[in-house]
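Please treat every number below as a calculation from the coordinates, not as lab data. Owing to the predicted nature of the structure, the values given are computational and were not obtained by experimental measurement.
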Amino acid sequence: MLYLNGQFVRPEDAKISALDRGCLFGDGVYEVIPVYSRHPFRLDEHIARLDASLASIGLANPHTAAEWAGLIREVVRRQDYDDQSVYLHVTRGNAGERDFPFPEGVAPTVLINPARLVTPSAAQKAAGVRAISHADFRWLRCDIKSLNLLPTVLLREAARRQGCAECVMFRDGMLSEGAASNVFVVKDGVIACPPKSHLILPGITYDLVIELAQRHGVPLQVRPVSEAEVRSADELWMTSSTKEVLAIVELDGVAVGDGRVGPLAQRMDALYQDFKNQIMRQGKE
Ligand code: PMP
């Protein structure tokens, strides 16, 4: 069962208008919330990020934080599997015509669509993944989790065609992020990642990795990272709610470091897994 505009319906019964502005313009924002043992992880933070995305596109939030939490928990409850990836989006609704300016008095479209949570396999974690790189040709508001995902579609397809899992992006000689992940580098035992700005999505996993590093005394710097640093890094990782901490062992066909999953990727992933089992699965955060 998924949730669409006030009702819980089967996916095959979920219908929206062909003139929904989400369809016509990608005029909306979204979230993806990982759920472990039926506990949504950092739900308040996801709802706050959704609220920030909505505010940035001038779309009134149709629900209070408490209402969102209630709806999401209800969707989670209605599935027959425990670990979930809850996708939700809010669009500017169906204005009945194709006109760019905001329509007046139109109800937003709210969709909450859960799926089974698929995280990298143990084999993938142990071997790491390959990535390509590309110029970051997205817009200058990458902090908004916008439904306009054509760049992500094109870059992830280019990666897939080359047997790669992600595309690492650079803008003006600096690392921004992955097509659908944040990116960290390691050099001489020190982790570094770009600061939050309008050029990257403020990842919930990014926040957690930084917190875990600080809590466990692992050296980590939040600072601009150059393309040259990425290309000469000892380790390179991607982080996201579904990929967790996943090492990139080859970039554009060139080995990263010694081409194997590095010690800090292993350490941070171990800390992440411990946190997941002891905190997230118990619904403690
Ligand atoms: N950057 C981009 C562009 C993304 O699409 C994502 C995942 N949706 C992330 C970073 C990671 O965010 P999170 O850790 O909240 O999944």
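Summary of computed values
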quantity	calculated
In the chain, lysine pairs closer than 21 Å at Cα, eight or more apart or cross-chain	9
Hz values of 3J(HN,Hα) by residue in the stretch 269-284 - Karplus curve (6.51, -1.76, 1.60), Gly and Pro given as x	5, 4, 5, 5, 5, 4, 4, 4, 6, 8, 10, 5, 5, 8, x, 7
Inter-centroid distance (Cα atoms) of the stretch 1-75 relative to the stretch 213-256, Å	30
